[in-house]
1. Residue 199 fails exactly one of the following numbered conditions: (1) open to solvent by 70 Å² or more (accessible area, probe 1.4 Å); (2) not in a helix (DSSP H, G or I). What is the number of that condition?
2. Looking at region 202-229, which of its residues are under 18 Å from the mean Cα position of the chain (by Cα) and open to solvent by 60 Å² or more (accessible area, probe 1.4 Å)?
3. Determine the pairs where a residue that is closer than 18 Å to residue 22 by Cα and in a helix (DSSP H, G or I), located within region 70-84, has a partner that is of a type in the set (S, T, N, Q) and open to solvent by less than 20 Å² (accessible area, probe 1.4 Å) with Cβ atoms under 6 Å apart, the partner being 6 or more residues away or on another chain.
4. So for region 38-54 (the condition being open to solvent by 70 Å² or more (accessible area, probe 1.4 Å), in a helix (DSSP H, G or I) and either charged (D, E, K, R) or touching a His at 6+ places or on another chain (Cβ under 8 Å) (or both)), does at least one residue qualify?
5. Is it the case that some residue within region 21-36 is in a helix (DSSP H, G or I), more than 21 Å from residue 108 (Cα to Cα) and among the aliphatic types (A, V, I, L, M)?
6. Every residue in region 172-193 that is of a type in the set (Ser, Thr, Tyr) and closer than 21 Å to residue 227 by Cβ, please.
7. So residue 178 fits all but one of (1) crowded, with 18+ Cβ neighbours inside 10 Å; (2) touching a residue at least 24 places away in the same chain (Cβ under 8 Å); (3) not hydroxyl-bearing (Ser, Thr, Tyr); what number is the exception?
Amino acid sequence: MGAQAPQWLLTSFVDAMQQIGATATDTDLKHEGTDLMQRWSAPNRQLHNLRRLMNTLTHIDEIASSAHDPDILRVAAWYHGAFLNKALEIKLGGFQANFAATRCIDHAHNRLTNLGVPEEVVARIDELIAFLTRHRAPRTDFDAQVLVDADLACLSCSPQDYKKLRCSLRAELSELDDLQFVKARIALLKKLLSYETIYQSPLGSAWEDTARANLEVELTRLERDKTQLCEATHTEDTDDADDADDADEVVEDSTTTTGTLIIKRRSIKKRVPVATPDNEATSSGVLPRKIEEPSGSDEHEEATSSLESAVESLDLPNAD
């Protein structure tokens, strides 16, 4: 559920577009800004909504003193949300993991070009949107670091607000089952926590300790949830296997004095062949082959999730 758009939001978009060189009229720029606000306000956006956009723009302002072209960063933030980046859903559907980011980049490229933004600026904004999707900027790109840090600033909040963030994210990805969501979320949290610092810009470092504490608490909770979900799945699989082992077999039939056929049935369980030792002779004089028991070493092995392998393009924790 998005927030109501204040008047300053549209005005700030028009101003930023003019600052980066757009030659379109004020009317066309307002129409473009209105279209983007409607996209950010779509009903299915529980987390990546208009409030999220406003918070990101506010965080850019907080640390913009270390950026060379803050207006380019603002415009990149606007177009980053042109499409809801649900890379998990796209990955499950068999598309390339970067498909969601590509949609936003293509949309931004076409719209900015039509609005008269210089070609080199359009290319720069395309690049910045890609960095936002990966939640990481190059070490030498200070402006990109400001943008990515502003986007991740939502992680540095009170435990109560962080819980709201988590709930909103889960609601936004409600089409995924719990285990899929938990596995992908764990992978991304581990990735973020593996960095020496989550925030790369000089002023963004003030958010580091709070954000890292929130991520560590969430990771601990998700690891516990994952264990419980895996155990529940294993139990269900075992129950299904037991049910499949039960079968009806005709063991006797007889006919009554009235000519009615009576069929008696009994339940049979899975028959497990017993291996005969190598040195034991059988009545036929032929030694049967030993029956190899299936190895149980793979029973508890967890296959690498395709979601985890695409973690760099998952747009999960970067919101509110």
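The values are calculated or read from the model by the stated rules, or taken from the named source; none is laboratory data. It should be emphasised that the depicted structure is a prediction, and the values quoted were computed from it without experimental measurement. No Cβ is skipped: glycine too gets one built from the backbone with ideal geometry, and neighbour counts run over all protein chains shown. With ligands, DNA and RNA removed, areas are computed over all heavy atoms of the protein, side chains included. Shrake-Rupley method; radii C 1.70, N 1.55, O 1.52, S 1.80 Å.
1. With (1) open to solvent by 70 Å² or more (accessible area, probe 1.4 Å); (2) not in a helix (DSSP H, G or I) applied to residue 199, the lone miss is (1).
2. Of everything in region 202-229, those that are under 18 Å from the mean Cα position of the chain (by Cα) and open to solvent by 60 Å² or more (accessible area, probe 1.4 Å) turn out to be 216, 220, 221, 223.
3. Sorted first by the residue in region 70-84, then by its partner, the pairs are 77/56.
4. yes
5. no
6. Listed by number, the list is empty, since nothing qualifies.
7. Unmet condition: (1).
Let's see how each residue does on (1) open to solvent by 70 Å² or more (accessible area, probe 1.4 Å); (2) at pLDDT 95 or above; (3) hydroxyl-bearing (Ser, Thr, Tyr):
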site: 6; (1), (2), (3): no, no, no
site: 11; (1), (2), (3): no, yes, yes
site: 16; (1), (2), (3): no, yes, no
site: 24; (1), (2), (3): no, yes, no
site: 27; (1), (2), (3): yes, yes, yes
site: 30; (1), (2), (3): yes, yes, no
site: 85; (1), (2), (3): no, no, no
